[in-house]
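Scroll down for the structure; my scribbles are underneath it.
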Amino acid sequence: MDVAAIPAWLAPHVGTGEGQIAPVVLDRARALYQRKRDAGAIANSCYLAMDATRPSTAPDGEPAGRFYVICEADKTFRAVSSGYGNGRKLRRADFSNGRECARHFSNAEGSKLTMGGAYVTAETRTSFKGYYREAGEKRPFHRTFLLFEGEGETENAREREIGGHQAVFLKWQCRFENPDSAYADDQGYVPFGRLVNYTGGRSNGCTSWSPDASEEIIGLVEDNPTTLYIYPESRDIDAVAKAVRNGGALSGSGPYWNTTCLTEIGAPRFWPKRTLQPIIDEWRAGLPKQPPLVLPICK
């Protein structure tokens, strides 16, 4: 694959419009894919990309596409929604993100922020989260987590437990007795709650997809790893912030940021690990000890 030559079928999908992939994001995603494929690290015919500068909501009110599944061998391109890191608001530093646009990015462990750069998909882990009610019956909910391996600024992806999963979690409410369940605790109880779907919203730093998209993506890469490139990297964030400070307009030849989100956030900010990690560690050290969570018995 010649990275410089975008195939004719893919060209209509390249741009900054809704459902398209920005040229710089595609260029870097293709370059990463070719590098890893040429090195024999992957053999998957598809690759992944994400543009975390795009808004969460499309003009029609639906979750906006900012995560891309590109299969050049099959000539297929799909843009789906994905969450970005929500961050934290601490006494010494506010690096929290709004629901619509991400302003803050970091590779610090515990920051709950997105970190742009190069990744390769790794193994999956499926875990039991509890029971929920569907069609009048209590059903177990399992969620599969796709781990990412990083390099450079993303090399601590495993330490940060960065990966991808469906944008659904089980909000625990109570516990009920079910000693025959394989998931029962020592007293024979299992947690029960309600499913919360946050498709297109924020995450704890991972990429999160709708249930349908999650099934497709994990099925595509399970036991067949591929590359994932997430934009922006720290250099892009710093370049855009500098351009905003200098009053310069972003042009096609300069640094890229989605115009809708740049208008909303004013300027992005990258928090290096060396700066943010001590703040997070100090905050954690000062947290009061909490007793173990004991759910009430379901009525």
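Normalised by the number of residues in the chain, what is the relative contact order in percent for Cα pairs under 8 Å and 6+ residues apart? Intermediate results must be reported in sequence, preceding the final value.
Details: 619 pairs, mean separation 66.6, N = 299.
Value for the chain: 22 percent.
Ordering SER208, THR275, PRO255 by the projection of their Cα atoms onto the charge dipole of the chain, which places +1 on the Cβ of Lys and Arg and -1 on the Cβ of Asp and Glu, puts THR275 at the extreme positive end.
The long axis of helix 211-221 is offset from the longest Cα principal axis of the chain by roughly 70 degrees.
Taking only protein heavy atoms and a 1.4 Å probe, what accessible area per residue, in Å², does the chain have with all protein chains in place? Write out the running numbers ahead of the final one.
Working: 14720 Å² over 299 residues.
For the chain, the per-residue accessible area is 49 Å².
The Cys residues in the chain with no partner Cys Cβ within less than 4.7 Å of their Cβ are CYS206.
In the range 110-203, what is the volume of the convex hull around the alpha carbon atoms, normalised per residue and reported in Å³?
Numbers: hull volume 12.3 nm³, N = 94.
For the range 110-203, the hull spanned by Cα atoms encloses 131 Å³ per residue.
Per atom type, the chain shows carbon and sulfur on 48% of its accessible surface, probed at 1.4 Å.
The Rg/Rh ratio for the range 133-267, using Cα coordinates for both the radius of gyration and the Kirkwood hydrodynamic radius, is 1.11. Among the listed pairs LYS138/LYS273; LYS89/LYS171; LYS138/LYS289; LYS36/LYS89, those with a Cα-Cα distance over 31 Å are LYS138/LYS273; LYS138/LYS289; LYS36/LYS89.
By per-residue mean of other Cβ atoms within 10 Å, what is the highest-first order of 127-137, 227-237, 110-120?
Details: 127-137: 13.5, 227-237: 22.9, 110-120: 24.5.
For the peptides 127-137, 227-237, 110-120, the packing ranking is 110-120, 227-237, 127-137.
Legend: translational diffusion of the range 80-163 by Stokes-Einstein, Rh = Kirkwood radius over C-alpha pairs, 25 °C, 0.890 mPa s; D = 164 µm²/s. Note that the range 220-285, at 25 °C in a medium of 0.890 mPa s, gets a Stokes-Einstein diffusion coefficient of 169 µm²/s from its Kirkwood radius over C-alpha pairs. Annotation: the antiparallel percentage among DSSP beta bridges lying fully within the chain is about 70.
Computed over the alpha-carbon atoms, the chain gives an Rg to Rh ratio of 1.00, Rh here being the Kirkwood radius from the mean inverse distance.
Only DSSP H runs of four or more residues enter the estimate; each adds -39500 (n - 2.57), and after division by the residues of the chain the mean residue ellipticity at 222 nm equals -6000 deg cm²/dmol.
Across every pair of non-identical alpha carbons in the range 32-131, the mean reciprocal distance, once inverted, gives a Kirkwood radius of 16.1 Å. For the range 142-186, the set of trypsin sites (Lys or Arg not before Pro) satisfying both a DSSP loop assignment and a count of at most 16 other C-beta atoms within 10 Å is given as ARG158. Contact order for the range 99-243, expressed relative to its length and based on alpha carbon pairs under 8 Å spaced 6+ residues apart, stands at 28 percent. Please determine, in degrees from 0 to 90 and to the nearest 10, the orientation of helix 23-38 with respect to the longest principal axis defined by the Cα atoms of the chain, where the helix direction is its Cα long axis. Approximately 80 degrees, to the nearest ten.
One compactness figure for the range 11-83 is 1.14, namely its Cα radius of gyration divided by 2.2 N^0.38 Å. Against the main long axis of the alpha-carbon atoms of the chain, helix 234-245 sits at an angle near 70°.
The values are calculated or read from the model by the stated rules, or taken from the named source; none is laboratory data. Everything numeric in this text was worked out from a predicted model, so none of it was measured. Using ideal geometry, Cβ is built from the backbone for each residue, glycine included, and neighbour counts are taken over all protein chains shown. Ligands, DNA and RNA are excluded from the accessible area calculation, which covers all protein heavy atoms including side chains. Shrake-Rupley method; radii C 1.70, N 1.55, O 1.52, S 1.80 Å.
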